Amino acid sequence: MTVESTAARKPRRSAGTRKSPSTKPELVQLLTPEGKRVKNAVYDKYVADITPEELRGLYRDMVLTRRFDAEATALQRQGELGLWASLLGQEAAQIGSGRALRDDDYVFPTYREHGVAWCRGVDPTNLLGMFRGVNNGGWDPNSNNFHLYTIVIGSQTLHATGYAMGVAKDGADSAVIAYFGDGASSQGDVAESFTFSAVYNAPVVFFCQNNQWAISEPTEKQTRVPLYQRAQGFGFPGVRVDGNDVLASLAVTKWALERARGGEGPTLVEAYTYRMGAHTTSDDPSKYRADEEREAWEAKDPILRLRRYLESSNHADEGFFAELETESEALGKRVREVVRAMPDPDHFAIFENAYADGHALVDEERAEFAAYQASFADAEGGN
């Protein structure tokens, strides 16, 4: 029998077929979806000394981050923001990894790391200026060791690698972490950053939030193997963690950061999670994924998971949850007030600082835009 005829007899999935969301991949998990604590011989020690107060802190971080995210989505729908990229469903991956960082570590985010920004002490309202068009990022990266948001997919992994190489040359014992999504894993910049970080033994952690969908493309359109296994081909370890488990995300990231600080080079962490909402507010996920898939992942909600654990362990009472709800309401109110008070951006600022000494083409574009803006005033005057 020929090879061709053998292949023809093998069943194939059609291009539009999705793997069942009930598939259980091998991953590091310390809290089950039901909130049960499970043992792990390798990673337990990284959360062995965590206190009930710190557990409540992780819960608070996730709840307030989700509330901020919901307010931002609502503000975009009301016309107050031009766009918003929601993190709904990814709170555990971000808060767990964010709380694993030391103050002297440096973060290179994409545009969805609102939870990590929260952990780094960036005022959440500062994240909204860019999405309102008021600025290019409303915080000083060096004040919190948290770089400005990066819109170009995957490019921040190169920035992180270069920064980490510099950290190593300076002899510092800090680490660098770069966040990116499953879709970005197909970018050439990411592959190049893997190569350079491995060859130069850079103290960097690549934290991939695999939320299953790169806009409308499922993960199986990005790779034929689990994403964390890609690290093997570049010569450094990779691990897949339950991205809806805040304890596991914390523990695995601590391990990876310790490797980096100890001179053992890069690590790829794949946080296996799910994007509960749209890719951005300009996206409609109902066009490309089934409601049943989201419902299956809702049962694995990261916040509900930790709440169940807190309640079953008697680490939190109703008073704590009530107080947090009050704090959540206050945060939502402040976000709404701050955004609505933001000034409109200078319409011509986009033409500034493109060239140090100016440029004739930019001058021409500025004049065309000025005429376009003036046309609105003329039309209003004519009416």
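The values are calculated or read from the model by the stated rules, or taken from the named source; none is laboratory data. Just so we're clear, the structure is a prediction, and the values are computed from it rather than from any experiment. Here Cβ is always computed from backbone atoms with ideal geometry, including for glycine, and neighbour counts include all displayed protein chains. For the accessible areas, the whole protein counts, side chains as well, though only heavy atoms, and no ligand, DNA or RNA atoms are used. Shrake-Rupley method; radii C 1.70, N 1.55, O 1.52, S 1.80 Å.
General remarks:
- For the stretch 227-336, the spread of Cα positions along each principal axis, largest first, Å: 48, 41, 30
- Accessible-area value, SER143, 1.4 Å probe, nucleic acids and ligands omitted, Å²: 80 Å²
- GNM remark for the chain: springs join alpha carbons under 10 Å apart, and the peak mean-square fluctuation among ASP44, ASP344, ASP69 falls on ASP344.
- THR51 accessible area, 1.4 Å probe, all protein chains in place, Å² to nearest 10: 50 Å²
- Debye-sum result for the chain in log10 I(q)/I(0), which assumes one identical scatterer on each alpha carbon, at q = 0.08, 0.12 Å⁻¹: -0.46, -0.97
- Residue-by-residue Karplus 3J(HN,Hα) for the stretch 222-230, coefficients 6.51, -1.76, 1.60, Hz, glycine and proline x: 9, 7, 9, 10, x, 4, 5, 6, 4
- Residues HIS159, HIS114, ordered by accessible area of protein heavy atoms at a 1.4 angstrom probe radius and largest first, appear as HIS159, HIS114.
- Taking amide H positions as modeled 1.01 Å from N, with prolines and chain starts lacking one, no residue 5 or more places away or on another chain lies under 5 Å from ILE50.
- Were the residues from ALA322 through ASP173 laid out at 0.36 nm apart, the gain over their Cα-Cα distance would be 49.5 nm.
- Debye intensity ratio in log₁₀ form over the Cα atoms of the stretch 32-149, taken at each q of 0.16, 0.17 Å⁻¹: -0.80, -0.88
- Our estimate of slack between SER375 and SER286, defined as 0.36 nm per intervening residue step minus the Cα-Cα distance, is 28.1 nm.
- GNM result for the chain, Cα springs below 10 Å: residue of PHE351, PHE236, PHE321 fluctuating most strongly: PHE351
- What the phi angles of the stretch 361-376 give under the Karplus curve with 6.51, -1.76 and 1.60, with θ = phi - 60°, is a coupling list of 5, 5, 4, 5, 5, 4, 5, 5, 5, 4, 5, 5, 5, 5, 5, 5 Hz, glycine and proline written as x.
- Among GLU364, GLU80, GLU323: highest mean-square fluctuation, GNM of the chain, C-alpha pairs under 10 Å: GLU364
- Measuring spread by the Cα atoms of the stretch 121-226 yields a radius of gyration and Dmax of 15.3, 43 Å.
- Taking amide H positions as modeled 1.01 Å from N, with prolines and chain starts lacking one, the residues under 5 Å from ARG240 and 5 or more places away or on another chain are VAL28, GLU270.
- In the context of the full protein assembly, ILE50 retains an accessible surface of approximately 40 Å², using a probe radius of 1.4 Å and ignoring ligands and nucleic acids.
- Once both labels are positioned 7 Å from their Cα atoms along Cα-to-Cβ, the gap between ASP103 and GLN229 label points is 4.3 nm.
- Across every pair of non-identical alpha carbons in the stretch 59-110, the mean reciprocal distance, once inverted, gives a Kirkwood radius of 12.4 Å.
- Pairs beyond 24 Å (Cα-Cα), from LYS39/LYS254; LYS300/LYS333; LYS169/LYS254; LYS36/LYS287; LYS36/LYS221; LYS45/LYS169: LYS300/LYS333; LYS36/LYS287; LYS36/LYS221; LYS45/LYS169
- If you plug the beta carbon distance of VAL152 and ALA330 into 1/(1 + (r/R0)^6) with R0 = 45 Å, you get a FRET efficiency near 0.80.
- When DSSP beta bridges are restricted to pairs lying wholly in the chain, around 10% turn out antiparallel.
- Legend: P(r) of the stretch 191-232 from all alpha carbon pair distances, 10 Å bins from 0, whole percents, reading 24, 46, 26, 4.
- Once C-alpha pairs closer than 8 Å and six or more residues apart are averaged by separation and normalised to the residue number of the chain, the relative contact order reads 23 percent.
- The stretch 264-322 and the stretch 110-156: distance between their alpha carbon centers, rounded to Å: 22 Å
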